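Enquirer: What follows is a structure written as structure tokens; I'll ask about it next.
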Amino acid sequence: MKRELIKDVLKAAQVDSDVTVAGWVRTRRDSKGGFSFVELNDGSCFANIQIVIDATLDNYKADILRLFPGSSIVVRGKAVESQGKGQTVEIQAESVKVLGFCDPTEYPLGKQRVSFERLRELAHLRPRTNSFGAIARVRNALAYATHQFFQNQNFLYVHTPIITGSDCEGAGEMFQVTTLDSEALPRNEETGQVDYAQDFFGRPTSLTVSGQLEGETYACALGNIYTFGPTFRAENSNTRRHLAEFWMIEPEMAFADLADDADLAEDYLRFLFTYVLDHCEEDLAFFNKRVQKGLIDTLKGLADSPFKRISYTEAIDHLEKADVAFDYAVEWGIDLQSEHERYLTEQVFKCPVTVADYPREIKAFYMRLNDDDRTVAAMDVLLPHVGEIIGGSQREDRLDVLETRIRAMDFDPEDYWWYCDLRRYGSVPHAGFGLGFGRMVQFCTGMHNIRDVIPFPRVPNNAEF
Ligand code: 4AD
Ligand code: MG
């Protein structure tokens, strides 16, 4: 259907033009003067457009008076300057065709406000609300900006597999992929263990937790690459910042060290903040007013100022000196908890903080061992409110050290033979990171819970829709 987007009609410098728009009715109001006013939204922008419908229209009684929130219509008419306050352009309808009526006694998104929690149970309808329309547009802008940022710098977009045979993070939080019948598993006669030789891939496989290992193979041939795809973690974390299925962006740079990695992370984050400020003005204004006061100022501040960079050891010093009773006791060697990350970003530095050189024991096997032998060249970027947004590192590029690290995790270097080959044949220093896309959307919208920034959240005990 040839139609104009409401966002373009509202912006049009030229009025008195013929337009066709289509969308869903938000409200209808009937005036005594023989008109009805319909607020119409088509998702192209936050704002609705007002449709003025004259009672003399043929189908006024039969159709227009039966339009309730949620009905879908196509309107042909003239875009004219609006008489009403707070709007620029309205449409004087010449014809209104109803595509689908919507029963107001059954539609769950009537006039009353519906909580975010309830909307999760209505995930198929929630994009019709102001909040979820705005979230979808911000999410889209951040995805587009991501490609722009990396493409501008000649990073190559690589698609890494979703089904994999290796556990990148070594945390064992993998969802198994199998075609074996769970009621009748084939077993090895001698050992009694499941015989994966009979499985689809002839070996155990899982959904990927990260595309990094495969991404490294391309970086170690083509220079700078990035991935942008779904990742899966079977960690039983029922928090407001964990999903079992989330999207990650993972750049990987050859001929790069941890400082290069931190520079890239900072540039990328600032690019994203600037981009949403420039392209999602109306949606951000909504979040700023209704979801998180001060959001726009926060984003502006971050877009303009450098981040703080400290070492893990310095971070622990700050936390030990803190006049705060943390739930989780602080000592050198612990993994930083959300409360610690928030204290550093919100109380101590009041800005994003990049923490580097973590204890080797708490980080993955692939991170480059530092000369002190007890820390690795890892970095996490922490943001106020959401905490860890990025995890990255310089990769271990020395074959012997890598094999020792793999064994120390009780893995078999044989299982990582292809990953080790990168170090065997023309090894180069290289580094990269992963940015959790959901957390980024959460941060830029001020939404409290990550379940509300992805269309269909997957979390423990929930994979509806
Ligand atoms: O720190 P992580 O585990 O790092 C990696 O996976 C590395 N392989 C990345 C790399 O170096 N290429 O995860 C990266 C980011 C985290 O900082 C966080 O923002 C996000 O992914 N993340 C999650 N987001 C939502 N739900 C979860 N369960 C997440 N787990 C990690
Ligand atoms: Mg991490």
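Enquirer: Regarding Glu396, is this residue open to solvent by 20 Å² or more (accessible area, probe 1.4 Å) and within 14 Å of ligand 1 (Cβ to nearest atom)?
Expert: Details: open to solvent by 20 Å² or more (accessible area, probe 1.4 Å): no; within 14 Å of ligand 1 (Cβ to nearest atom): yes.
No: the conditions fail for Glu396.
Enquirer: A follow-up question, please. Any idea which residue in the stretch 400-414 is farthest from Arg424 (Cα to Cα), counting only those that are without any contact (Cβ under 8 Å) to a residue 12 or more places away in the chain and open to solvent by 70 Å² or more (accessible area, probe 1.4 Å)?
Expert: Within the stretch 400-414, the subset without any contact (Cβ under 8 Å) to a residue 12 or more places away in the chain is 400, 404, 407, 410, 412-414.
Subset that is open to solvent by 70 Å² or more (accessible area, probe 1.4 Å): 400, 404, 407, 410, 412, 414.
Values: Asp400: 10, Thr404: 14, Arg407: 17, Asp410: 21, Asp412: 17, Glu414: 13 Å.
Per the stated criteria, the residue is Asp410.
Enquirer: If a residue has to be open to solvent by 50 Å² or more (accessible area, probe 1.4 Å), at pLDDT 90 or above and on the phi > 0 side of the Ramachandran plot to count, how many in the stretch 159-196 make the cut?
Expert: Residues that pass the stated criteria total 0.
Enquirer: Looking at the stretch 387-399, I want the residues that are more than 10 Å from ligand 2 (Cβ to nearest atom) and have a partner that is of a type in the set (Val, Ile, Thr) and assigned to a loop (DSSP other than H, G, I, E, B) with Cβ atoms under 8 Å, at least 6 apart or on another chain. Which pairs are those?
Expert: So the pair list comes out as Asp397/Val428.
Enquirer: Quick one: in the stretch 306-320, which of the residues that are open to solvent by less than 50 Å² (accessible area, probe 1.4 Å) and modelled with pLDDT of 95 or more is nearest to Val353 (Cα to Cα)? Please lay out each step first, then the result.
Expert: Looking only at the stretch 306-320, we keep the residues that are open to solvent by less than 50 Å² (accessible area, probe 1.4 Å), and these are 307, 310-312, 315-316, 319.
If we keep only those that are modelled with pLDDT of 95 or more too, we end up with 310-312, 315-316, 319.
Numbers: Ile310: 7, Ser311: 10, Tyr312: 11, Ala315: 10, Ile316: 13, Leu319: 14 Å.
Selected residue: Ile310.
Enquirer: Can you tell me which residue within the stretch 197-213, out of those that are open to solvent by 30 Å² or more (accessible area, probe 1.4 Å) and touching a residue at least 12 places away in the same chain (Cβ under 8 Å), is nearest to ligand 1 (Cβ to nearest atom)?
Expert: Residues of the stretch 197-213 that are open to solvent by 30 Å² or more (accessible area, probe 1.4 Å), as a first pass: 197-198, 200-204, 207.
Adding the requirement that they be touching a residue at least 12 places away in the same chain (Cβ under 8 Å) leaves 198, 200-201, 203-204, 207.
On the way: Gln198: 31, Phe200: 25, Phe201: 22, Arg203: 22, Pro204: 20, Leu207: 13 Å.
By that ranking, first place goes to Leu207.
Enquirer: On to the next question. Take Thr227 and decide whether it is open to solvent by 50 Å² or more (accessible area, probe 1.4 Å), in contact (Cβ under 8 Å) with a residue 24 or more places away in the chain, among the β-branched types (Val, Ile, Thr) and closer than 24 Å to Ala141 by Cβ. Full working, then the answer.
Expert: Values: open to solvent by 50 Å² or more (accessible area, probe 1.4 Å): no; in contact (Cβ under 8 Å) with a residue 24 or more places away in the chain: yes; among the β-branched types (Val, Ile, Thr): yes; closer than 24 Å to Ala141 by Cβ: yes.
Here the answer is no, as Thr227 does not meet what is asked.
Enquirer: Just one of Arg120, Arg66 is within 23 Å of Phe456 (Cα to Cα) and either open to solvent by 20 Å² or more (accessible area, probe 1.4 Å) or in contact with a Leu (Cβ under 8 Å, 6 or more places away or on another chain) (or both); which is it? Talk me through it step by step, then tell me what you get.
Expert: Numbers: Arg66 fails: within 23 Å of Phe456 (Cα to Cα).
On inspection, the qualifying residue turns out to be Arg120.
Enquirer: A follow-up question, please. Report those strands (runs of 3 or more DSSP E) wholly inside the stretch 43-105 carrying at least 2 residues which are over 15 Å from Thr27 (Cα atoms) and either touching a residue at least 60 places away in the same chain (Cβ under 8 Å) or of a type outside the set (Ser, Thr, Tyr) (or both). Give the steps one after another, and end with the answer.
Expert: Details: elements: 49-54, 72-81, 89-100.
Hits in the stretch 43-105: 72-81, 89-100.
Enquirer: Does the stretch 447-465 hold any residues that are at positive phi and open to solvent by less than 10 Å² (accessible area, probe 1.4 Å), and which are they? Reasoning before the result, please.
Expert: Taking the stretch 447-465 first, the residues at positive phi are 461, 465.
Once the filter is applied, which keeps residues that are at positive phi and open to solvent by less than 10 Å² (accessible area, probe 1.4 Å), the stretch 447-465 yields nothing.
Enquirer: Further question on the same structure: All but one of (1) under 17 Å from Val386 (Cα atoms); (2) in contact with a Ser or Thr (Cβ under 8 Å, 6 or more places away or on another chain) hold for Asp261, so report the exception by its number.
Expert: Status for Asp261: all satisfied but (1).
Enquirer: Continuing with this model, one more query. When you look at Asn140, is it away from ligand 2 (no atom under 16 Å from the Cβ), surrounded by 14 or more Cβ atoms within 10 Å (Cβ to Cβ) and at pLDDT 95 or above, yes or no?
Expert: On the way: away from ligand 2 (no atom under 16 Å from the Cβ): yes; surrounded by 14 or more Cβ atoms within 10 Å (Cβ to Cβ): no; at pLDDT 95 or above: yes.
So Asn140 does not fit the description; no.
Enquirer: Yes or no: Ser237 out of contact with any helix residue (DSSP H, G or I) (no Cβ under 9 Å at 6 or more places or on another chain) and within 16 Å of ligand 2 (Cβ to nearest atom)?
Expert: Working: out of contact with any helix residue (DSSP H, G or I) (no Cβ under 9 Å at 6 or more places or on another chain): yes; within 16 Å of ligand 2 (Cβ to nearest atom): yes.
Considered against the rule, which asks whether it is out of contact with any helix residue (DSSP H, G or I) (no Cβ under 9 Å at 6 or more places or on another chain) and within 16 Å of ligand 2 (Cβ to nearest atom), Ser237 comes out as yes.
Enquirer: Right, next: Scan the stretch 321-342 and give yes if some residue there is within 16 Å of ligand 2 (Cβ to nearest atom), under 21 Å from Tyr268 (Cβ atoms), without any contact (Cβ under 8 Å) to a residue 60 or more places away in the chain and buried (at least 16 other Cβ atoms within 10 Å of the Cβ), otherwise no.
Expert: yes
Enquirer: Name the residue that is farthest from Leu142 (Cα to Cα), counting only residues in the stretch 236-257 that are surrounded by 22 or more Cβ atoms within 10 Å (Cβ to Cβ) and of a type outside the set (A, V, I, L, M, F, W, C).
Expert: Among those that are surrounded by 22 or more Cβ atoms within 10 Å (Cβ to Cβ) and of a type outside the set (A, V, I, L, M, F, W, C), it is Glu252.
Enquirer: Then there is this: Counting just the residues of the stretch 14-30 that are more than 35 Å from the chain's Cα centre (by Cα) and not basic (Lys, Arg), which one comes out least open to solvent (accessible area, probe 1.4 Å)?
Expert: That would be Val19.
Enquirer: Here is a follow-up. Quick one: would you say Cys420 is farther than 28 Å from Gly223 by Cβ and either aromatic (Phe, Trp, Tyr) or at pLDDT 95 or above (or both)? Steps first, answer last, please.
Expert: Values: farther than 28 Å from Gly223 by Cβ: no; either aromatic (Phe, Trp, Tyr) or at pLDDT 95 or above (or both): yes.
So Cys420 fails the test.
Enquirer: Here's a follow-up. Scan Gly432, Gly436 and give me the residue that is open to solvent by less than 10 Å² (accessible area, probe 1.4 Å) and within 16 Å of ligand 2 (Cβ to nearest atom).
Expert: Details: Gly436 fails: open to solvent by less than 10 Å² (accessible area, probe 1.4 Å).
The conditions single out Gly432.
Enquirer: Only one of Gly432, Gly387 is within 15 Å of ligand 1 (Cβ to nearest atom), in contact with a Lys or Arg (Cβ under 9 Å, 6 or more places away or on another chain) and at pLDDT below 95. Can you tell me which?
Expert: Values: Gly432 fails: at pLDDT below 95.
So the residue among Gly432, Gly387 that is within 15 Å of ligand 1 (Cβ to nearest atom), in contact with a Lys or Arg (Cβ under 9 Å, 6 or more places away or on another chain) and at pLDDT below 95 is Gly387.
The values are calculated or read from the model by the stated rules, or taken from the named source; none is laboratory data. Keep in mind that what you see is a predicted model, and the values were worked out from it rather than measured. Positions of Cβ are backbone-derived with ideal geometry, glycine not excepted, and every protein chain shown enters the neighbour counts. Just so you know, the surface numbers come from the protein's heavy atoms only, side chains and all, with ligands and any DNA or RNA stripped out. Shrake-Rupley method; radii C 1.70, N 1.55, O 1.52, S 1.80 Å.
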